[in-house]
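Peer 1: The structure that follows is given in the form of structure tokens.
The values are calculated or read from the model by the stated rules, or taken from the named source; none is laboratory data. Keep in mind it's a predicted model, so treat the numbers as computed, not measured. Reconstructed Cβ throughout: ideal geometry from the backbone, glycine too, with neighbour counts over all protein chains shown. Surface accessibility is based on the protein's heavy atoms, side chains included, excluding ligands, DNA and RNA. Shrake-Rupley method; radii C 1.70, N 1.55, O 1.52, S 1.80 Å.
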Amino acid sequence: MLYAGLDIGTTNCRCLLVDEEGRSVAVASTEVAVEFGPPDRAEVCPEHWWNATCEVIGAALRGAERPAREVAAVGLSGLMHAPVLIGTDARPLGSAQLWMDQRCTPQAAALQARFGSSHRRLDLRGSVSAPKLAWLAAHAPASIDAAQVVLLPKDFVRMRLTGDVATDRSDAIGTGLFDPDKGAWMEDVAQAAGVRADQLPPVRPASAPGGVISAKAAAATGLAEGTPVATGAADTLCTRLGAGQVEAGRLLVYLGTAAWVAVVEGTDEVSGVRASDAGATTATGAALRWVRSLFSSQADPLSYAALDELAAGAPIGSAGITFLPHLMGERGPEFSPSARGAWQGLTLAHGRNHLVRAVMEGAVFQLRRVLEAGVPPSTRDHASARVLGGICRSVFWTQMLADATGLTVEIPREPEAAARGAALLGARAAGLVTPDVGWPNPVVRVVEPDRTARADYEEAFQRFLACERHVGG
């Protein structure tokens, strides 16, 4: 018996097939095209998510060399905040603004000024869905009027898989339109954002049934018709669910397209790791993908392994270059939609190896800023961190993370935890495991910080902070 976990990410789509103990049997991923527009736009055509989903499911099934009928359940994880407007024909009404899209900054400020004090815990900054909907209401009102329902990316994909229309609590909270205390949509905020209450989907638990694979979806994906599908959850919840057992007081660090830090408080049967958020960045892995695209050509398409080799050829501190990774504004330590990226300290003596290393160092230094602003010294000093996400594929970058932060980095057996957590939700929704069942995710690699490199990284970090004060915004 296998379970499938789909992770619909900002720049990648992944399908993970696991066995009944949560161990990886096969995995497939593909990149998703993001359209960037000056100065602050980032959007994805939802059909790209669907096409990528079909591609990775088929590839994972081929990799497993097992018949589709052995997949007993499917779960979904998805990026948050990007509203997908669905019309009468169940097709998207245009592209979805990603969480990093900052064109809605004026609408965010207006909504926060109006509702920030009256709705407890309400955060209406530009990352969430509400200001994006308000922007559409002001600039593309016909699409808002024509929408039958507003979904999130994983909900759109599930609708294509099963015909089911709903969302879960984690994604609902991420819209800025849902009251977590009352467990209901806030009609006054929705109206101010330009949407009607009847355009917002039902909200149910992440592990609740979300329909079964339809005949049409079976033909498109290779999954068996009738396979149960879970409602699914936001990627942060699924990542914590798939992280395995992490002791209270430890740090949880995710570095993929973006990055976030959390302090583990314990475990529970719903979200796996229970943790308090300590901060997030905007463009860590996204910055590396960007520099890869700059230096790649059709004749010389660079892999991420090739970027590691380039960076390893430059010294710590990138021979004086500092990179600020604020390529789409910034979320932490302070929310700053106007923050911009920069390379500083360039000379004619520098090559692309210095530039690539500076990008990797800048991402790690920005994560350190978030860490030091959001985590008390008593927790972070000489601490161990369970690290998840794409960074785990790079021995070079994980060593840099350990050296530059002083953290002992623990890499689990299954670092792509979001897809793994989604698969567990699928198993729960199908009634094949009880809600209290979790899957272990043992540490398979420990990266100790190199103390001899500490002084050089500290000098480079102080230069990063100085550059941040003058350039970062």
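Peer 1: With the checklist (1) in contact (Cβ under 8 Å) with a residue 12 or more places away in the chain; (2) surrounded by fewer than 20 Cβ atoms within 10 Å (Cβ to Cβ); (3) not acidic (Asp, Glu) in hand, flag the one item HIS139 doesn't pass.
Peer 2: It is condition (1) that HIS139 fails.
Peer 1: Same structure again: Out of everything in region 378-401 that is assigned to a helix (DSSP H, G or I) and among the polar types (S, T, N, Q), what residue ends up being most open to solvent (accessible area, probe 1.4 Å)?
Peer 2: Result: SER378.
Peer 1: Out of curiosity, is SER117 among the hydroxyl-bearing types (Ser, Thr, Tyr) and open to solvent by 30 Å² or more (accessible area, probe 1.4 Å)?
Peer 2: Criteria met by SER117.
Peer 1: Whether any residue in region 171-193 is open to solvent by 10 Å² or more (accessible area, probe 1.4 Å), of a type in the set (D, E, K, R), assigned to a loop (DSSP other than H, G, I, E, B) and at pLDDT 95 or above is what I want to check.
Peer 2: Within region 171-193 (the criterion being open to solvent by 10 Å² or more (accessible area, probe 1.4 Å), of a type in the set (D, E, K, R), assigned to a loop (DSSP other than H, G, I, E, B) and at pLDDT 95 or above), the answer is no, since none of the residues qualifies.
Peer 1: Next up: Only one of (1) more than 23 Å from ALA259 (Cβ to Cβ); (2) in contact with a strand residue (DSSP E or B) (Cβ under 9 Å, 6 or more places away or on another chain); (3) open to solvent by 50 Å² or more (accessible area, probe 1.4 Å) is not met by LEU17, so which one is it?
Peer 2: (3)
Peer 1: Among the listed residues ALA423, ALA404, ALA427, identify the single one that is part of a helix (DSSP H, G or I), within 19 Å of the chain's Cα centre (by Cα) and small (Gly, Ala, Ser).
Peer 2: ALA423
Peer 1: Hey, among the residues in region 386-425 that are of a type in the set (Asp, Glu) and farther than 27 Å from GLY317 by Cβ, which one's modelled with the lowest pLDDT?
Peer 2: Step by step, filter region 386-425, then rank; the result is GLU416.
Peer 1: Check VAL370 against each of (1) aliphatic (A, V, I, L, M); (2) crowded, with 19+ Cβ neighbours inside 10 Å; (3) assigned to a loop (DSSP other than H, G, I, E, B) and name the one condition it does not meet.
Peer 2: (3)
Peer 1: Take the residues of region 204-216 that are out of contact with any strand residue (DSSP E or B) (no Cβ under 6 Å at 6 or more places or on another chain) and in a strand (DSSP E or B): which is farthest from TYR3 (Cα to Cα)?
Peer 2: Result: ARG204.
Peer 1: So, in region 20-41, exactly how many residues are open to solvent by less than 40 Å² (accessible area, probe 1.4 Å), more than 18 Å from GLU414 (Cβ to Cβ) and either touching a helix residue (DSSP H, G or I) at 6+ places or on another chain (Cβ under 9 Å) or in a loop (DSSP other than H, G, I, E, B) (or both)?
Peer 2: 4
Peer 1: Would you confirm whether or not region 56-71 contains a residue that is in a strand (DSSP E or B) and in contact with a helix residue (DSSP H, G or I) (Cβ under 9 Å, 6 or more places away or on another chain)?
Peer 2: So far as region 56-71 goes, yes, one or more of its residues are in a strand (DSSP E or B) and in contact with a helix residue (DSSP H, G or I) (Cβ under 9 Å, 6 or more places away or on another chain).
Peer 1: Still on this structure, I have one more. For region 299-350, name all the residues that are assigned to a loop (DSSP other than H, G, I, E, B), surrounded by 18 or more Cβ atoms within 10 Å (Cβ to Cβ) and not β-branched (Val, Ile, Thr).
Peer 2: LEU302, ALA314, GLY317, PRO325, HIS326, MET328, ARG331, GLY332, PRO337, ALA339, GLY341
Peer 1: Identify, by number, the condition in (1) in a loop (DSSP other than H, G, I, E, B); (2) farther than 18 Å from ILE8 by Cα; (3) open to solvent by 40 Å² or more (accessible area, probe 1.4 Å); (4) not charged (D, E, K, R) that ALA219 doesn't meet.
Peer 2: Failed condition: (1).
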